[in-house]
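Undergrad: What follows is a structure written as structure tokens; I'll ask about it next.
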Amino acid sequence: MADRRRINGPPGATAPPIYEDDSNQESSGFKATRTRQPNTIRRMYLKTGVTPSASGSAYLEVEMPGKSGASGLKLSCTVHGPRSLPRSSPFSPHIILSSHVKFAPFATKQRRGYLRDPTERDLGTHLEAALRGAIIADRWPKSGVDIIISVIEGDQDRGTAKNQADDSWEDMNVLSGCITVASAALADAGIDCVDTVAGGVAALVRDGSDNGKTKIVIDPIPSEHDKIEAACCVAYLPSRDEITNLWFKGDLPSKEAGLYQELVEQGILASKQANRVLVECLGETVG
Amino acid sequence: MATPSLTFPRSVFAKLSPHPYLLRTLTTSPDDTTTTTPTRTNGRAPSEPRPLKIHTSSLSHAHGSALVRAGDTTVICGVRAEILPVTSIPQYRPVTDYDALAEDEEEKERRDRAELKDYDLLVPNIELATGCAPQFLPGVPPSTLAQTVSTRVYSLLHGSGVVGVEGLRVWDTSRVGATAEGVDEEEEEKPRLVAYWTLYIDLLFVSYDGNPFDAAWTAVVAALRDTKLPEVRWDPDREAAVCGSRTERAKALGVRGLPVACSAVVFLEKERGEPGEGRHWLLLDPDRLEEGLCGEAITVVVDCEGGETRVRAMEKVGGVVVGRELVRGFVGVAEKRWKEVKAAMNMDGQAHGALGAFVEEAGSSR
């Protein structure tokens, strides 16, 4: 049964446009390759105070290299609270976080619906875990705070059809952006944190040009690599040297135990770089 | 014993007793002399709208997009086109006599609009639950306001006829000129209508500070003007429409006219009591505080393209103050607004991918 509270459009199914040259784009010689150093993240733009009526808000945009015009991840985050919990809810000695991540219908290649899908719920849970470690929660008993992130544009390249089946790698980049932008918005709302938490992604990639050898890069763009073997997203507090959330996915050969650790190390490195942007942005606001 | 005098900043008064606060700012000018120019709480004159900024083509996944910012109300609109094959339209009735229709202009227009509406090719939706204001939190079904604005945009899209159905038709020309083996030779020669483009128009409020309809409508029109549909060809073997991926061959969607919405609310001197007594003010482009205090609202949609003003839609709810004379005067105000919106649309010309610069500019104006 269609949702009658929205305008649903034609009853028959509509299909997204199929593009002619999708399949032979690679063979025509065009392929995005990584031009950055393996240990640098993309440039990002962060700004707080985008939504004046919210307690705190921030906007993050990550640059998509190589193409003028097209740009990558765009996130808008609002924080509402701390506010008192409704009377009906049980006593809580600390602040209750609730985080929502929602993709805009025009954020990805496939049009997203308005109901939250499992991916978005999953991202919300990860985000909550990452932030819970940073907030000094017992300063606000009996209160709650809402953190809402709208993904205005996802981290996908429109031109390439490759990796279309598994856009799950992009979710890692989205999560790391979410953590960084939420941290900025929390600081803008004046909610006490032990430190600013930022997200970072590292991935183990296999490129055809390197004779099938694997290497570790940070802040990967899936369309730039032939295959991503494993990736991990880290939320890291630099001053405490503490990881608040770790999300690892993929498969690693078990005989190389050090590889996993190295991947996490690189994730931390990415997070530190993002944190520098974050601190700079907050410094501008205060100063 | 002298009691310490209690003073509050303006924002506290605005929260505690909004109605007297707004009334006070309207009746006295800031320097406490007798008023000649009433000022609103936000520093604007009653008939002064917020400056408008429009930025198009900032999204790469949408076929057309626009970001509109009026004061602290920010809305993003993305237009996405999808293919609707005629075989999946249950009530599809093929039109065979296009040539005959071409002669009767009025009849053609009527049929075109009916086609657009019957097959439901325009799908606007407004998302307010993005935390854009404290009362709009996600995780709940669309609020009454979101549903109302969606429906108003929907009916205005059909009522004003900004989008023509011609641009949305997809033709099969593969059999034109081919020697037909079948019986109906004449019919095989003609291009065949095989599908329609359906436009999903999604609006996302990033920041909300009153007057959602004007901002949403401006964003819709700006995004539609920006929309480019890819070049499309029907592939009979796959039974699907295939688009050329070259962007330079994409065709702009023809948008007819430039309807501009202009809203105002009526603020009464008496907070309670009979409407119509006491003084009243017409506040153009209301913000969140003013919207909460006023019951009566008027919206006029005008289009002055081609030198002549046409009223495309008019809506007035919730009171008895605005009469015939006031409405007539208000159309003049709307004409002025139309010029401003037109200028803002033309200003935007230098489209660059990043929204960042735009957000920055908007942020610094605060």
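Where a number appears in this text, it was derived from the coordinates with a stated rule and is not lab data. Keep in mind the model is a prediction, meaning the values are calculated, not measured. Quick reminder, even Gly has a Cβ in these numbers, built from the backbone with ideal geometry, and neighbours come from all protein chains shown.
Undergrad: Treating only the Cβ of Lys, Arg, Asp and Glu as charged (+1, +1, -1, -1), what charge dipole size does the protein assembly as shown show about its Cα centre? Round to the nearest 20 debye.
TA: In total the dipole reaches around 2080 debye.
Undergrad: Test of understanding: in a Gaussian network model of chain A with alpha carbons linked when under 10 Å, which of A:149, A:221, A:18 would top the mean-square fluctuation ranking?
TA: A:18
Undergrad: Going Cα to Cα from residue B:270, which lysines come in below 26 Å? Please leave out same-chain ones fewer than 8 positions away.
TA: Those lysines meeting the cut-off are B:15, B:316.
Undergrad: Let me ask something else about it. For Cα pairs less than 8 Å apart in space and 6+ apart in sequence, what is the mean separation divided by the residue count of the stretch A:37-286, i.e. the relative contact order in percent?
TA: 22
Undergrad: Determine the relative contact order of the stretch A:157-287: mean sequence separation of Cα pairs under 8 Å and six or more apart, normalised by residue count, in whole percent.
TA: 27
Undergrad: Further question on the same structure: What does DSSP give for the protein assembly as shown in terms of the percent of beta bridges that are antiparallel, rounded to the nearest 5?
TA: Approximately 85 percent, going by the DSSP bridge assignments.
Undergrad: No solvent, one uniform scatterer per C-alpha: report log10 I(q)/I(0) for the stretch B:248-305 via the Debye equation at q = 0.17 1/Å, two decimals.
TA: Each listed q maps to, in turn, -0.66.
Undergrad: Right, another one. Would you look at the GNM of chain A, springs on alpha carbons closer than 10 Å, and say which of A:130, A:198, A:13 moves the most?
TA: A:13
Undergrad: Provide, as a two-decimal number, the C-alpha radius of gyration of the protein assembly as shown over 2.2 N^0.38 Å, N being how many residues it has.
TA: 1.06
Undergrad: Still on this model: Compute a Gaussian network model of chain A, connecting alpha carbons closer than 10 Å, and tell me which residue from A:267, A:200, A:190 fluctuates the most.
TA: A:190
Undergrad: Going through the stretch B:271-328, which GluC sites (Glu not before Pro) have at most 16 other Cβ atoms within 10 Å and a DSSP loop state?
TA: Passing both the DSSP loop test and the Cβ count: B:271, B:277, B:305, B:308.
Undergrad: Within 10 Å, count the other beta carbons around each residue, average over each peptide in A:55-63, A:256-264, and list them highest first.
TA: Most protected by this proxy first, the peptides run A:55-63, A:256-264.
Undergrad: What per residue convex hull volume, in Å³, do the alpha-carbon atoms of the stretch A:37-286 yield?
TA: Roughly 143 Å³ of hull volume per residue.
Undergrad: How many Cβ atoms of partner chains, on average, are near each residue of A:98-110 if near means within 10 Å of its Cβ?
TA: 5
Undergrad: Count, for each residue of B:192-204, the Cβ atoms from other chains sitting within 10 Å of its Cβ, then give me the mean as a whole number.
TA: Per residue, the number of nearby Cβ atoms from other chains is 3 on average.
Undergrad: Counting only other chains, what is the mean number of Cβ atoms within 10 angstrom of the Cβ of each residue in peptide B:136-146?
TA: Neighbouring Cβ atoms belonging to other protein chains average 4 per residue here.
Undergrad: How do B:304, B:294, B:262 line up, fewest other C-beta atoms within 10 Å first?
TA: B:304, B:294, B:262
Undergrad: Order of A:202-213, B:210-221 by packing, highest average Cβ count within 10 Å first?
TA: With the highest mean Cβ count within 10 Å placed first, the list reads B:210-221, A:202-213.
Undergrad: Which lysines have a Cα less than 24 Å from the Cα of residue A:109, not counting those fewer than 8 places away in the same chain?
TA: Within the straight-line limit of under 24 Å, residue A:109 reaches these lysines: A:31, A:67, A:74, A:162, A:227, A:249, B:228, B:251.
Undergrad: Additional query: Local charge sum around residue A:212 (other residues, Cβ-Cβ under 12 Å, Lys/Arg +1, Asp/Glu -1)?
TA: Value of the local net charge: 0.
Undergrad: Still on this structure: At 7 Å along the Cα-to-beta-carbon direction for both residue B:117 and residue B:47, put a label point, then send me their distance in nm to one decimal.
TA: Here the modelled spin labels are 3.5 nm apart.
Undergrad: Charges on Cβ only, +1 for Lys and Arg, -1 for Asp and Glu, centred on the Cα centroid of the stretch A:37-286; of A:89, A:174, A:220, which one is farthest towards the dipole's positive end?
TA: Positive-most Cα among the choices belongs to A:89.
Undergrad: Using DSSP to call loops (not H, G, I, E or B), can you name the trypsin sites (Lys or Arg not before Pro) in the stretch B:210-262 whose Cβ has at most 15 other Cβ atoms within 10 angstrom?
TA: B:238, B:246, B:256
Undergrad: Also: Taking the Cα centre of the protein assembly as shown as the origin and placing charges on Cβ (Lys, Arg +1; Asp, Glu -1), which of B:236, A:16, B:5 is farthest toward the positive end of the dipole?
TA: Comparing the listed Cα positions along the dipole, B:5 ranks first.
Undergrad: Let me ask you something else. Report the Cα centroid-to-centroid distance between the stretch A:188-248 and the stretch B:223-301 in angstrom, as an integer.
TA: 41
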